[in-house]
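Read the structure below first, then the notes.
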Amino acid sequence: MILWQECVYRAVPTPANCDLNPVVMQSVSIEDTDCGLQDGRFQVVASGGTGTYRYKLDNNPYQPGTEFSNLGAGKYVVTALDDNNCPDTLKIVIKNKNGVNIQLQATDAGCKTVNGSITATAVNGTGPYRFKINAGEFQSGNTFTNLLQGEYSVVVKDSTGCEAGQSVKIKSGISFTSSILPIIQSFCAISGCHNGSQFPDLRVFKNIQDNAALIKTQTTSRRMPLNSSLTQSQIDAIACWVDDGAPQN
């Protein structure tokens, strides 16, 4: 399985080995919000790593400051980068102080199938409660079924009109050990290919994980493996596993 080929030799900077000096982030303080307002805030701090740190909230630009404010109730993901671009992420939940909050439980969808589900539980607040998923309408039922692999946002509203929402990722549940590794061993980490004679060495899980997005792109386009082919179910399994975050499961 050929990931890429080069005709011209060139110097390629060696990326830092983040495992040698990992960035570790932790929360310093969390202040919840009043219901219906955006007065929540939190502060984080990073340690380890190299040099100074930059921080970002969700998909916003990086900033040098460690505090994020003007936040409504919900789940947030903050990322820290050091001077070597080594990352660490942390999930923060801002709750309603005196209103309803929400807890979510998701089940796997399977690969390319709609077997996923989300069950929402209202915490505190005043019933009866209503729930909605993504841009849908509020409903009395707290379970959403027939869902594909992907990210979903669920909101609960209590009888006072107070709302709280969180996002959750439904995974395919594809196993690296039982589904992906046999493909790698049969088509990729073989003699004359990615078994140490060619970069990357796909006998090593971290190398597979680090190149997961590229492996997905190359197999989906059927540019790899070289001199052989995968079934559509094998290609789908790789894509679903990568979209799950390429876990070592």
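Rounded to the nearest 20 Debye, what is the dipole magnitude of segment 51-107 about its Cα centre when Lys and Arg each give +1 and Asp and Glu each give -1 at the C-beta? Computed about the Cα centre, the dipole is about 320 debye. On a per residue basis, the chain carries 55 Å² of accessible surface, using protein heavy atoms and a 1.4 Å probe. Extending 7 Å from Cα along the Cβ direction at Ser175 and again at Val24 yields two label points whose distance is 3.2 nm. What does the C-alpha gyration tensor say about the overall shape of the chain? Classify as rounded when a/c is under 1.5, otherwise prolate if a/b is larger than b/c, or oblate. In terms of gyration-tensor shape, oblate.
Straightening the chain between Thr121 and Val168 buys 15.6 nm, computed as 0.36 nm per residue apart minus the Cα-Cα spacing.
Rounded, prolate or oblate: which fits segment 51-152 when a ≥ b ≥ c are the square roots of the eigenvalues of the alpha-carbon gyration tensor, with rounded for a/c under 1.5 and prolate only if a/b beats b/c? Taking the square roots of the gyration eigenvalues as a ≥ b ≥ c, segment 51-152 is oblate. Annotation for Gln103 and Thr50: the two label points, set 7 Å from Cα along the Cα-Cβ direction, are 4.3 nm apart.
Placing a label point 7 Å from the Cα of Asn60 along the Cα-to-Cβ direction, the residues of segment 71-108 whose backbone N falls under 14 Å from that point are 71-80, 92, 94.
At full extension, Arg41 and Ser233 could sit 64.6 nm farther apart than now, given 0.36 nm per residue minus the alpha carbon distance.
When only the Cβ of Lys, Arg, Asp and Glu is charged (+1, +1, -1, -1), the dipole of the chain relative to its Cα centre reaches about 480 debye. Taking the helices alone, the chain has a mean residue ellipticity at 222 nm of -4000 deg cm²/dmol, built from -39,500 (n - 2.57) per DSSP H run of at least 4 residues and averaged over all its residues.
Between the listed residues Ile183, Asn142, Asn195, the Cα displaced farthest toward the positive end of the dipole of the chain, a dipole computed from Cβ unit charges relative to the Cα centre, is found at Ile183. Placing unit charges on the Cβ atoms of the charged side chains and taking the dipole of the chain about its Cα centre, the candidate lying farthest along the positive direction among Met25, Phe68, Asn101 is Asn101. Give me the percent of accessible area attributable to carbon and sulfur for the chain, probe 1.4 angstrom. Roughly 49 percent, rounded to a whole number. Taken about its Cα centre, segment 82-156 carries a charge dipole of roughly 440 debye when the Cβ of each Lys and Arg holds +1 and the Cβ of each Asp and Glu holds -1. Taking the Cα atoms only, what angle lies between the long axis of helix 232-243 and the longest principal axis of the chain, rounded to 10 degrees? Here the helix axis deviates by roughly 50 degrees. In this simple spin-label approximation, Val77 and Asn195 carry label points 7 Å from Cα along the Cα→Cβ vector, and these lie 3.7 nm apart. The simple Förster model, with R0 at 35 Å and r as the Cβ-Cβ distance, assigns Glu137 and Arg223 a FRET efficiency of 0.20. For Lys169, the lysines whose Cα comes closer than 18 Å to its Cα, not counting residues fewer than 8 places off in the same chain, are Lys75, Lys91, Lys112, Lys132.
Structural descriptor for the chain: relative contact order 16 percent, calculated from alpha carbon pairs under 8 angstrom and at least 6 residues apart. At full extension, Glu151 and Asp34 could sit 39.5 nm farther apart than now, given 0.36 nm per residue minus the alpha carbon distance.
The values are calculated or read from the model by the stated rules, or taken from the named source; none is laboratory data. Keep in mind the model is a prediction, meaning the values are calculated, not measured. Note that we place each Cβ from the backbone using ideal geometry, even for glycine, and neighbour counts take in every protein chain shown. All accessible areas refer to the heavy atoms of the entire protein, side chains included, with ligands and DNA or RNA removed. Shrake-Rupley method; radii C 1.70, N 1.55, O 1.52, S 1.80 Å.
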